[in-house]
Amino acid sequence: MQKKDRYHVAVVGATGAVGNEMISILEERKFPVADLRLLASERSIGQTLPFNGEEHEVEVLKENSFRGIDIALFSAGAARSLKFAPFAVKEGAVVIDNSSAFRTDPAIPLVVPEVNAPALARHKGIIANPNCSTIQMVVALKPIHDVAKIRRIVVTTFQSVSGTGQKAMDELLEQTRSLLAFREVISKVYPHQIAFNCLPHIDVFLPNGYSKEEMKMVHETRKILEDNSIAITATTVRVPVFRCHSESVNIQTEKKITAEQARELLAYAEGVSVLDDPSNNVYPLAINAAGKDETFVGRIREDESIENGLNLWIVSDNLRKGAALNAIQIAEHLIRE
């Protein structure tokens, strides 16, 4: 990408939860935007969104929407990414895609800047943004992997409804109101009631019994850490939280690393904030991570049931670091380098 003072940026899926977050973060981080083009489906015709003190009209996403665009931030689902990203690349834009469309393609970099920024040099017009749950986990695990080499990961996620989108957030709110008012609960987004409940079901189930979300964490973690030898198993759970994903992560390393050593490593790791003083009720919480950029890690302790084992509790804002912020950090890295 040619070095410029300011860049023409497109946000695809601008009216969605992640699209809104992208626009907000572009403004907040003072990204050098010369022109912002907001793109969405026909349903968004007539809408405007604020950016840098001005209202910007949302345009309908079309094949010719990317003329003059330098950076295209996609968050409109895999089908639209597969269809429209090639048109953006053809017009000379670099696509940073937040969907699952390109994540497992060996020719397309899957990037978390704090973890594997050098992979950006291999892009040919498209860069994939990892799954939100994968991002926060690898940010916390990479410093440990570099020192002690992780051999196995067992992760259980507790994922907020915002990971599904605005309709899911609305459903949780409405179901909560209904239950408190002793009214009938209606489920449309999820197969079961989500209010006051936990659903061990994110995305479709595969023949091996795992969900697609669970296998995303397996494949993406190995690709980002560039180590297919790591044994990984995941259970992903949707919980009645509006924003921020939490994860219970158990790892086994090749080299012994103590809990104190892990805390020290993570205290100096880019993008990580250690909150680990359980005797004083200090540990990461979803309500405190909302709106924050960091990945928060706590409850760091040695697993006494296995050799070289560690347990960690990892919390991050899935709309920010898990999606919009990571994409914009990729863009920032591209214009710096």
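The values are calculated or read from the model by the stated rules, or taken from the named source; none is laboratory data. It should be emphasised that the depicted structure is a prediction, and the values quoted were computed from it without experimental measurement. Virtual Cβ from ideal backbone geometry, glycine too; neighbours counted across all protein chains shown. Ligands, DNA and RNA are stripped out before the accessible areas are found, and what is left, the full protein with its side chains, is counted by its heavy atoms. Shrake-Rupley method; radii C 1.70, N 1.55, O 1.52, S 1.80 Å.
Dipole magnitude of region 136-257 about its Cα centre, charges +1 at Lys/Arg Cβ and -1 at Asp/Glu Cβ only, in debye to the nearest 20? Walk me through the intermediate numbers first.
Numbers: 16 positive and 13 negative charges, 51 e Å.
Dipole about the Cα centre, nearest 20: 240 debye.
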So the FRET efficiency between residue 104 and residue 156, C-beta based with R0 = 30 Å and rounded to 0.05, is 0.85
Percent of all Cα-Cα pairs per 10 Å bin for region 97-237, counting from 0 up to the last occupied bin, reads 11, 35, 30, 17, 7, 1
Given unit charges at Cβ for Lys, Arg (+) and Asp, Glu (-), the dipole magnitude of the chain about its Cα centre in debye, nearest 20, is 640
Between the modelled labels at residue 201 and residue 333 (7 Å from Cα along Cα→Cβ) the distance in nm is 3.7
antiparallel share of DSSP beta bridges within region 9-79, to nearest 5, in %, is 25
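Ordered by packing density, taken as the mean number of other Cβ atoms within 10 Å over each peptide's residues, highest first, how do 109-117, 137-145 rank? Present the calculation step by step, with values, prior to reporting the outcome.
Details: 109-117: 21.6, 137-145: 24.2.
Descending packing order for the listed peptides: 137-145, 109-117.
Would you work out the relative contact order for the chain, in percent, from Cα pairs under 8 angstrom that are 6 or more residues apart? Numbers along the way, then the final one.
Details: 737 pairs, mean separation 60.6, N = 337.
RCO, the chain: 18 percent.
Report the equivalent ellipsoid semi-axes for region 189-244 in whole Å, largest first, defined as the square roots of five times the eigenvalues of the gyration tensor built from alpha carbon atoms.
Details: eigenvalues 132, 35, 13 Å².
Ellipsoid half-lengths, sorted descending, are 26, 13, 8 Å.
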Counting only DSSP beta bridges with both partners in the chain, the antiparallel fraction in percent, to the nearest 5, comes to 50
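Using a 1.4 angstrom probe with every protein chain in place, what is the largest-first accessible-area order of 266, 173, 180? Mind showing how you got there, number by number?
Numbers: 266 0, 173 70, 180 120 Å².
Output order, biggest surface exposure first: 180, 173, 266.
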Placing each pseudo-label 7 Å from Cα in the direction of the beta carbon, residue 117 and residue 288 end up separated by a distance in nanometres of 2.8
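Evaluate E = 1/(1 + (r/R0)^6) for residue 146 and residue 5, where r is the Cβ-Cβ distance and R0 equals 41 Å; express this FRET efficiency to the nearest 0.05.
Numbers: r = 36 Å, r/R0 = 0.87.
The computed FRET efficiency comes out at 0.70.
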Of 279, 44, 24, the most mobile residue in a GNM of the chain (C-alpha springs, cutoff 10 Å) is 279
Summing +1 per Lys or Arg and -1 per Asp or Glu among the other residues with Cβ less than 11 Å from residue 190's Cβ gives +2
The rounded separation in angstrom of the Cα centers of region 194-229 and region 104-155 is 16
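How big is the Cα convex hull of region 229-337 in projection, averaged over all directions, in nm²?
Numbers: hull surface 35.5 nm².
Hull-based average projected area comes out at 8.9 nm².
Counting pairwise Cα distances across region 166-297, what percent come out greater than 25 angstrom? Walk me through the numbers on the way to the answer.
Working: 3795 of 8646 pairs.
Considering region 166-297, 44 percent of its Cα-Cα pairs are separated by more than 25 Å.
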Computed over region 1-119, the distribution of all Cα-Cα distances in 5 Å bins, rounded to whole %, is 2, 11, 21, 25, 22, 13, 5, 1, 0
If each K or R counts +1 and each D or E counts -1, the residues other than residue 320 whose Cβ falls under 13 Å of its Cβ total -1
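Mind checking the alpha-carbon convex hull of the chain and giving the volume per residue in Å³?
Details: hull volume 52.8 nm³, N = 337.
It comes to 157 Å³ per residue, whole-number rounded.
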Placing each pseudo-label 7 Å from Cα in the direction of the beta carbon, residue 89 and residue 182 end up separated by a distance in nanometres of 5.9
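How much of the accessible area of region 37-188, in percent, comes from carbon and sulfur atoms when a 1.4 Å probe is used? All intermediate terms of the calculation are to be shown ahead of the outcome.
Details: 3590 of 6960 Å².
Whole-percent figure for carbon plus sulfur exposure: 52.
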Between the residues 161, 60, 274, the Cα farthest towards the positive end of the dipole of the chain, that dipole coming from +1 and -1 charges on the beta-carbon of Lys, Arg, Asp and Glu, is from 60
Counting only backbone N atoms under 18 Å from a point 7 Å out along Cα-to-Cβ of residue 35, the residues of region 90-109 in range are 90-95
In the neighbourhood of residue 238 defined by beta carbon distances under 14 Å, the net charge of the other residues (Lys, Arg +1; Asp, Glu -1) is -2
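Express in nm, to one decimal, how much length is gained between residue 261 and residue 222 on full extension, taking 0.36 nm for each residue of separation and deducting their alpha carbon distance.
Working: separation 39, 0.36 × 39 = 14.04 nm, distance 2.37 nm.
Taking residue 261 through residue 222 to full extension adds about 11.7 nm, to one decimal.
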dims of region 1-50, Cα set, principal axes, largest to smallest, nearest Å -> 35, 20, 16
Once the dipole of region 225-312 is set up from charges on Cβ (+1 Lys and Arg, -1 Asp and Glu), the residue from the list 311, 261, 235 lying farthest towards its positive end is 235
Computed for region 1-96: size of charge dipole around the Cα centre, +1 on C-beta of each Lys and Arg, -1 on C-beta of each Asp and Glu, debye to nearest 20, value 380
